[in-house]
Each structure stands twice: as C-alpha cells, then as structure tokens.
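Colleague: Sharing a structure with you now.
The values are calculated or read from the model by the stated rules, or taken from the named source; none is laboratory data. What you are looking at is a predicted structure, and each value in this text was computed from that prediction instead of being measured. Cβ coordinates were reconstructed from backbone atoms using ideal geometry, including for glycine residues, and neighbour counts include every protein chain displayed. In case anyone asks, the SASA skips ligands and DNA or RNA and just uses the protein heavy atoms, side chains included. Shrake-Rupley method; radii C 1.70, N 1.55, O 1.52, S 1.80 Å.
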Amino acid sequence: MKSGLNKVTVALLAAGLAFGVQAADITIAYDADPVSMDPHEQLSGATLEMSHLLFDPLVRWTRDFKIEPRLAEKWERIDENTMRFHLRQGVTFHSGNDFTADDVVWTFNRLKASPDFKAIFDPFSAATRVDEHTVDLVTKGPFPLVLNTVTYLFPMDSTFYSGTSDDGRNKADVVKHGSSFASTHTSGTGPFKLKFRQQGVKVEYERHADYWDKNSPGNVQHMTLVPIKEDATRVAALLAGDVDFIKPVSPNDHARVESAGGVKLVTEAGTRIITFQLNQARFEPFKDVRVRQAVNYAINQEGIVKRIMRGFGTTAGQQAPAGYVGHNPELTPRYDLDKAKQLMMDAGYQDGFKISMIAPNNRYVNDYRIAEAVKAMLARINIEVDLKTLPVAQYWPEFDKCAADMLMIGWHSDTEDTANFSEFLTMTRNEETGRGQYNCGHYSNPELDALIESANLETDGGKRELMLQRAEKILYDDAAFVPLHWQNLAWGARNNINAEPVVNAMDFPYLGDLVVE
C-alpha cells in the first residue's frame, strides 16, 4: 500500500476497513453488495456470487462450461424422469451440523416455493431421500437440463433454518426486500463463513476451517467486500493500493488500469444481455406492435457499444448469444431512424408521447450512461423520457413492482441455455409457476409460451435448436423488448492476485479458490 491517506483511503477507513493487507487477507471493491444473505431471495449475480462463498452447489460450471462435481460426488440416470445424486460424505455446515440428503430435499422444496427460483425448478416434480447420502431428483417428463439446473441447488442447513426465530417468525420464510431470519443469518457448507455485514458498507468473510474441499488451492483467510458505486473511485482505490481486486472496470478505465504499475486488467467475453422492457400493462401505446418496433428501430446499438462501451460488448438483436443452442444468426440489430418515424406515424403517434424510464446506476457496466443515450435516441422520434436512475438496492424493489413504462434489465442465462431468457423475461407472467417473473414488459404470446415449454421437454438437440430459434424470431417480429448488447466483463487486480483461474463468463468468480501469491 502506498503511504499517505488520499480521499479514497479516508472514505474506506471511515467505513471501518483496516488496510495494510497481509499475505492472504484481501479487500475487494464491488459496484454493489448483495441485497440479502438469503440465497433464494433474489435471483441476481451478486446473490449467486455470495452463494458460492457461503454455500456449495451440488455441481458447478467450469470456466469452459463443463459440469464438475461439488456436494454431489457422482450421479446416474435411473429412468427418463429420475436422476440419482450420490452426496459427498463427511461434510459439515458452518453451524457444525452434518450435511445429509435431508438438507438437499429441504432446500429443493424451498426453491420450489421461492418467487425468484421456482420457475427454474418448475420442470422438477420432487426430490426424494433414498438414504442419508443419496437423493433422487424427479422431473415431470424428459428434461435435458437437469445438471444445468442443479448448479443452482445450494443445500442449506435445514436444522439451522427450521423452527421459529426470537420474534416468532418461521426461519425458513423467503421474504422479498424485507427482513427475515435467512436474510441475516447463515449456515452453509461453503469455503467462507459470514463474519460481519453492514448493508451498503461492507461484508466480511472468514475462511471455514473445516471446509470439505481440501484440494482447493484457495489461501484467502479473510476477505472484505466493500461497495464503491463510482467507477473512477473504484479504480482509484485499486491504484492506490487500498483494495486488491475490483469489479467491474468500466471500459472508460481499461487503459488507466493497463498502464498502471503493480496492477492488471483481467477480461472475459460475456453472455449477459442488456435490454429495455416496454411495459404494456402500464403504458397503452406499447400494446401496439408498431410502436414497439419504432422504439427498436430508433435505438442505435452499434453506437452504444462503440461510444459508451468503447467496443467492449457485442451488439444484440435477440436474447441468445452466439454459441448458445437457439441463437438465430438472422436476427441482427435494426437501427433505422426513418423507419422508426414512419412506424410512429402509422400508429398515429407522429407527435410522440411522454414515458417514464428507470435504470440502475451501479448494476451493469455503464448502465446509467446507456439509459441516458437511449433517452436521447428516443427524443428523435418525439418520445420524451422521464429517466430515473437508482442504486441497485433501491432499483430491484421498483423493478419488481414494474414501476415505470420502460425498464432496464440485464440477464445471464441461469442454465447457460437460451430457454432460460424467455422463462424469466418474455414468457407470460405466472405467479404460480414463476414463469415471466422478470417480465415487466407484460408481453404475452401463447405461441411463444408453448414453444419454450415444448423445447424444455425435447431431448433431440437438433429439434430443440430449431424450436428455440423460432422463439427468438417470434420475439424479434413482435418487438417484445429492446435488446442492446451482450456485456463483456472486466476485473482489476493487484499483480499478486491470481484472478485469471477463478473469473468466468457467468460473472461470479469462484473466490473460494482464489490464490494470493
């Protein structure tokens, strides 16, 4: 660490952080901290990264998108609807309780009831205990994505989370954007235990001494996460030596990090789609396909990627990135300002209208700058935008209420599969199944819904790809939403932080395996 106290250092010290980083004690600066310690409350990247710290999944993705065993040592198919998982023995939770099949069944049932996660697990009908260390997961029919899905099954300590809390509430309750036992108390099997958390200030983790994975190379004993919303301030903290690892690094700051001594820029191609949704339930003109098409034609994706993202992204005309089953190469961005004006005229809105728009200002790379650019582009077709940007902790509650006419959302496929985008973003909203949980466009098309449901039961890869490509074409023709770009990823790190092996395109580094040299 450099001597002297600059403004960044003073601010971080005021937050209670002590610098002078020792061998394997590190500080990480993020744009935002997780909204809760409950792994089932919010389906978001911050929650998933937290889950990999405090909990462990049955299986997880490798950097090259292969499945590797974690709490499940091996698995086998019993019949076309049943997969049997053999669980790792000798694993203990942070509470000291033993990990068993009962914890997997309990967690599965909680996921099936979670507003955010139940759609992912909707294809499953049951989790059944075979013996203390064996579980059968049963699907409603042939399902090609069993292993993809159970990357999201992080067994919780069923004994710890059962019963009532001191205030008489059920410890197992999933409470969206509210106080619950699980949002502030943790017991997982993960590499770290929660030591301290003050929302919006810092989260401290300490290594779990009895962690089961003795082959993990990770040597970080104490890790502090501190939220720093401003891109430039986050980079300044890294360059001053006040923090060791930062995420993300804005494209505007790449050269600054690359040219500095003692630090490095680590990048990864990303598959997160950044979009705007057009809220048909709130704003009547968006029910007209011509208006939705006009909005799409008015937005210059190439200009956004080139000027705002500094080329660090890939323009999008659909949900599915190249390489995913279902990506349709025919669907490209369609910027055409004259066409947009003609469509507005055809729909009877040549004089335009006024809409509200919300976007986060610390969730996606350059999110508020992108929103400002879209606002300016829509003004060219006489759409006046009342834009409000919010920190992510305040943004998600507003988004969940669909509290604007246009809303920004980014999505990385939870199953590394095209269908997942539609399951959450474009299928008809259904509180019972969880389908369309994040569809604040309130787009509804029975043909699309049927295609996705059928694709999820299709085990013939070729047929399934054609079905998902057809689904993308339907969304394109209907202008169901506004695709912008797939966001690339960048981290900054001190040279002694061996970040490259633990970062990934999923955007939740496996920090339990992080090595500090």
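Colleague: Non-local amide H neighbours of residue 24 (under 5 Å, H modeled in plane, Pro and chain starts lacking H): which ones?
Modeller: 221
Colleague: For the pair residue 126 and residue 229, what calculated FRET efficiency results from E = 1/(1 + (r/R0)^6), where r is the Cβ-Cβ distance and R0 = 51 Å, to the nearest 0.05?
Modeller: Using R0 = 51 Å, I get an efficiency of 0.75.
Colleague: Which shape class, rounded, prolate or oblate, goes with region 46-124 when its Cα gyration tensor gives a ≥ b ≥ c as root eigenvalues, a/c under 1.5 marks rounded, and past that a/b bigger than b/c marks prolate?
Modeller: Judged from the Cα gyration tensor, region 46-124 comes out rounded (a/c under 1.5).
Colleague: What whole-number value in Å² describes the accessible area per residue of region 302-355 for a 1.4 Å probe? If you can, show how the numbers build up before the last one.
Modeller: On the way: 2920 Å² over 54 residues.
Each residue of region 302-355 exposes 54 Å² on average to a 1.4 Å probe.
Colleague: With a/c under 1.5 counting as rounded, go ahead and sort region 164-248 into rounded, prolate or oblate using the C-alpha gyration tensor (a ≥ b ≥ c being the square roots of the eigenvalues; past the cut-off, prolate if a/b is larger than b/c, else oblate).
Modeller: Since a/c reaches 1.5 but b/c is at least a/b, the shape of region 164-248 is classed as oblate.
Colleague: Looking at the square roots a ≥ b ≥ c of the eigenvalues of the Cα gyration tensor of region 123-222, which shape do they give, rounded for a/c under 1.5, prolate if a/b is larger than b/c, or oblate? Walk me through the intermediate numbers first.
Modeller: Values: a/c = 1.93, a/b = 1.27, b/c = 1.52.
Cα axes put region 123-222 in the oblate bin.
Colleague: Of the listed peptides 461-467, 301-307, 214-220, what is their order by residue-averaged count of other C-beta atoms within 10 Å, with the highest listed first?
Modeller: My ranking of the peptides, most packed first, is 301-307, 461-467, 214-220.
Colleague: Pairs 118/176; 193/214; 118/388: which exceed 24 Å Cα-Cα?
Modeller: The pairs that break the limit, which is 24 Å between Cα atoms, are 118/388.
Colleague: Here is a follow-up. Give me the percent of Cα-Cα pairs in region 390-466 that sit more than 21 Å apart, rounded to a whole number.
Modeller: That tail contains 33 percent of the Cα-Cα pairs.
Colleague: Step through the residues of region 212-220 one at a time and calculate ³J(HN,Hα) from phi using the Karplus curve (6.51 cos²θ - 1.76 cosθ + 1.60, θ = phi - 60°), rounding each to whole Hz and writing x for Gly and Pro.
Modeller: Each residue of region 212-220 in turn: 5, 7, 6, 8, 5, x, x, 10, 7 Hz.
Colleague: Moving on. Using helices alone, what [θ] at 222 nm do you get for the chain, with -39,500 (n - 2.57) per DSSP H run of 4 or more residues, divided over all residues and rounded to the nearest 500?
Modeller: Mean residue ellipticity at 222 nm (helix-derived): -7500 deg cm²/dmol.
Colleague: Step through the residues of region 33-39 one at a time and calculate ³J(HN,Hα) from phi using the Karplus curve (6.51 cos²θ - 1.76 cosθ + 1.60, θ = phi - 60°), rounding each to whole Hz and writing x for Gly and Pro.
Modeller: Ordered by residue, 3J(HN,Hα) equals 9, x, 6, 7, 8, 7, x Hz.
Colleague: For region 451-475 and region 105-139, what is the separation of their Cα centres, given in Å?
Modeller: If you average the Cα positions of each part, the centres end up 25 Å apart.
Colleague: Report the extension gain between residue 345 and residue 78 in nm, rounded to one decimal, defined as 0.36 nm multiplied by the number of residues separating them, less their alpha carbon distance. The partial results should precede the final answer.
Modeller: Details: separation 267, 0.36 × 267 = 96.12 nm, distance 5.95 nm.
Value of the extension gain: 90.2 nm.
Colleague: Considering only protein heavy atoms and a 1.4 Å probe, what is the carbon-and-sulfur percentage of the accessible area of the chain?
Modeller: Taking all protein chains in place, the chain shows 47 percent carbon and sulfur surface.
Colleague: Got a sec to turn the phi values of region 60-66 into Karplus ³J(HN,Hα) couplings, 6.51 cos²θ - 1.76 cosθ + 1.60 with θ = phi - 60°, whole Hz, x for Gly and Pro?
Modeller: Rounded to whole hertz, the list is 8, 7, 8, 4, 9, 6, 9.
Colleague: Give the lysines reachable from residue 341 as a straight Cα distance under 17 Å; neighbours fewer than 8 places away on the same chain don't count.
Modeller: Partners within reach: 354, 375.
Colleague: Where in the chain are the DSSP H helices whose C-alpha atoms run 24 Å or more along the long axis and whose mean Kyte hydropathy is at least -1.0?
Modeller: On the way: long enough: 461-478 (26 Å, -0.93).
Those that pass (Cα extent of 24 Å or more, hydropathy at least -1.0) are 461-478.
Colleague: Sticking with this one: With all distinct Cα pairs included, what does the Kirkwood hydrodynamic radius of the chain come out to in Å, to one decimal, could you say? Provide the component values of the computation, followed by the final result.
Modeller: Values: mean 1/r = 0.0419 Å⁻¹.
Here the Kirkwood hydrodynamic radius works out to 23.9 Å.
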